[in-house]
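**Student:** Before I ask anything, here is the structure I am working with.
The values are calculated or read from the model by the stated rules, or taken from the named source; none is laboratory data. Since the model is a prediction, treat every value here as computed from it, not as a measurement. Here the Cβ positions follow ideal geometry from the backbone for every residue, glycine too, while neighbour counts run over all protein chains shown. Heads up: the accessible areas ignore ligands, DNA and RNA and are worked out on the full protein's heavy atoms, side chains in. Shrake-Rupley method; radii C 1.70, N 1.55, O 1.52, S 1.80 Å.
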Amino acid sequence: MKHLKIAIVLFLLLNNMGFLYAQNLINGKLGEAPVNGGLQMENYWVWGSSVIKGDDGLYHMYASRWSKFLPFHPGWMIGSEIVHATSNTPEGPYTFQDIALEARGTQYWDGRSTHNPKIVKYKDTYILYYMGSTHPFEDVTLDNVSQLDLQSKWCIAARWGKRIGMATSKSPNGPWKRLDAPILDVKPNSFYSFLTSNPSPLIKADGSVVLLFKGRDYKPDGINNADMSIGVATAPSFEGPYTVMGDQPLFSLDHFGEIEDPHLWSDATGFHMVAKDQRGAITGEAGDGLLAHSPNGIDWTVDKNPKAYTKTVTWDNGKTVKQGQLERPFIFVENGKPTHLFFATMDGPGGFGNGTKTWNMVIPIEQ
């Protein structure tokens, strides 16, 4: 009984320490965003970056891009590819180097679109997690792009086929070895029966993996997909197998609130998550960022003061702008401390159909 009481006290202490640590290092600590930082690409929509420092001393960014002749949404579903860019500093600007994961044919589960990358490293292996999809139809071109919307044949097939995959390399420059099957498939009669997407992995010191992911199930009509849920899977190593923990999601419309784009990191106090509050149920404003913490990556608690950031950004040219979209938060950690917060962002008044430009931006976290 004595040992049980000590364990409970330690659990509560670590939970509270995790809350304080995350709050002190993110909320209220964001600096000015460099106007010329991050990654921009002419003639492309750019989205969702993940950054790692290589043994070469360079900062390697992996990001999604797709041609601007496609509409931003849902063009990514059928035309996204993952590109690799580098910089001498975390802020950038990042310079395009190569296509890390390109289209490879309808016959592959990820043959038409690769999207939402997350890069990690274990020992001498770089592991690139991502979402992939395919469809069996002709290419979308300038001649038929007007037919592309969520109800089109391309998007119905591509959205239904979204799954989480993984590629590996001994170098951040590739080449990347892709798998012939996803690492996290759907499961009938579950909160992820329709799709799995948006992976956020963390590899522990022993090589085991905690993987947050987005899932959707079917609406009662059996045709359309339901609201987003966030689940967690674990694996004994990055090679798998990946097992979803529990039958209920960590976050959903009915539990805490609907969130998207969770990003996971850890320190001596436990696990931390930053994510987009989809409807504002947690932070009070749809699209703002939230913080949560966990002792093990599986059992999560929303921070007492959960707001991590808002869509209003202060730039280093003196301007303060409410971004049209601010998504895919990514915390870059160097020497054990969060140093930069990356986002995918869009100009305009808000709404995926109202922007003319997207890019990946970065905000320093003041120490």
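**Student:** Please find, among A344, A292, A286, the residue that is in a loop (DSSP other than H, G, I, E, B) and either loosely packed, with under 15 Cβ neighbours inside 10 Å or within 16 Å of the chain's Cα centre (by Cα) (or both). If you could, list the steps in order and put the result at the bottom.
**Tutor:** Working: A344 fails: in a loop (DSSP other than H, G, I, E, B); A292 fails: in a loop (DSSP other than H, G, I, E, B).
Among A344, A292, A286, only A286 is in a loop (DSSP other than H, G, I, E, B) and either loosely packed, with under 15 Cβ neighbours inside 10 Å or within 16 Å of the chain's Cα centre (by Cα) (or both).
**Student:** Count, please, the residues in the range 295-313 that happen to be in contact with a strand residue (DSSP E or B) (Cβ under 8 Å, 6 or more places away or on another chain), outside any strand (DSSP E or B) and closer than 13 Å to L250 by Cβ.
**Tutor:** Total satisfying the criteria: 4.
**Student:** May I pose another question? Taking the range 79-109 as the search range and keeping residues that are small (G, A, S) and in contact with a Phe, Trp or Tyr (Cβ under 9 Å, 6 or more places away or on another chain), which one is farthest from D316 (Cα to Cα)?
**Tutor:** It comes out as G79.
**Student:** Continuing with this model, one more query. Just need a number here: residues in the range 225-273 that are among the polar types (S, T, N, Q) and under 17 Å from T196 (Cβ atoms).
**Tutor:** So in the range 225-273, the residues among the polar types (S, T, N, Q) come out as 225, 229, 234, 237, 243, 248, 252, 266, 269.
So of that shortlist, the ones also under 17 Å from T196 (Cβ atoms) come out as 225, 229, 234, 243, 248, 252.
The number of residues fulfilling the criteria is 6.
**Student:** Residue under question is G75, and the condition is that it be over 24 Å from N225 (Cβ atoms), open to solvent by less than 40 Å² (accessible area, probe 1.4 Å) and of a type in the set (G, A, S); does it hold?
**Tutor:** no
**Student:** To continue, here is another question. Being within 25 Å of I52 (Cα to Cα), surrounded by 14 or more Cβ atoms within 10 Å (Cβ to Cβ) and hydroxyl-bearing (S, T, Y), is that true of even one residue in the range 296-307?
**Tutor:** Scanning the range 296-307 turns up no residue that is within 25 Å of I52 (Cα to Cα), surrounded by 14 or more Cβ atoms within 10 Å (Cβ to Cβ) and hydroxyl-bearing (S, T, Y).
To keep it simple, each residue is scored yes or no on (1) buried (at least 19 other Cβ atoms within 10 Å of the Cβ); (2) farther than 21 Å from F238 by Cβ.
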site	(1), (2)
R104	no, yes
K121	no, no
T125	no, no
L128	yes, no
H135	yes, yes
E138	no, yes
L142	no, yes
C155	yes, yes
D180	no, no
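**Student:** Taking the range 269-291, which residues are over 15 Å from Q325 (Cα atoms) and in contact (Cβ under 8 Å) with a residue 24 or more places away in the chain?
**Tutor:** T269, G270, F271, H272, M273, V274, A281, I282, T283, L290, L291
**Student:** Shifting gears a bit: Name the residue that is farthest from T234 (Cα to Cα), counting only residues in the range 294-343 that are of a type in the set (D, E) and out of contact with any His (no Cβ under 9 Å at 6 or more places or on another chain).
**Tutor:** Residues of the range 294-343 of a type in the set (D, E): 299, 303, 316, 327, 334.
Now drop any that are not out of contact with any His (no Cβ under 9 Å at 6 or more places or on another chain), which leaves 299, 316, 327.
Working: D299: 13, D316: 40, E327: 25 Å.
So the residue we want is D316.
**Student:** I need the full set of residues from the range 347-367 which are among the polar types (S, T, N, Q) and surrounded by 18 or more Cβ atoms within 10 Å (Cβ to Cβ), in order please. Please lay out each step first, then the result.
**Tutor:** Restricting attention to the range 347-367, the residues satisfying the condition of being among the polar types (S, T, N, Q) are 354, 356, 358, 360, 367.
Of everything in the range 347-367, those that are among the polar types (S, T, N, Q) and surrounded by 18 or more Cβ atoms within 10 Å (Cβ to Cβ) turn out to be T358, N360.
**Student:** Quick one: how many residues across the range 192-225 are in a loop (DSSP other than H, G, I, E, B) and either under 19 Å from the mean Cα position of the chain (by Cα) or acidic (D, E) (or both)?
**Tutor:** 6
**Student:** Out of the range 35-59, which residues are assigned to a strand (DSSP E or B), open to solvent by less than 10 Å² (accessible area, probe 1.4 Å) and more than 21 Å from D110 (Cβ to Cβ)? Before the answer, list the steps.
**Tutor:** Keep residues of the range 35-59 that are assigned to a strand (DSSP E or B), which gives 39, 44-53, 59.
Checking the rest, the ones that are also open to solvent by less than 10 Å² (accessible area, probe 1.4 Å) come to 39, 46, 48-51.
Within the range 35-59, L39, V51 meet the criteria.
**Student:** Taking the range 226-244, which residues are open to solvent by 70 Å² or more (accessible area, probe 1.4 Å), in a loop (DSSP other than H, G, I, E, B) and either touching a strand residue (DSSP E or B) at 6+ places or on another chain (Cβ under 7 Å) or among the aromatic types (F, W, Y) (or both)?
**Tutor:** The answer is P241, and nothing else.
**Student:** Which of the residues spanning the range 280-328 are in contact with a Leu (Cβ under 6 Å, 6 or more places away or on another chain) and within 19 Å of E260 (Cβ to Cβ)?
**Tutor:** Once the filter is applied, which keeps residues that are in contact with a Leu (Cβ under 6 Å, 6 or more places away or on another chain) and within 19 Å of E260 (Cβ to Cβ), the range 280-328 yields I282, T283, W300, D303, P306, A308, K311.
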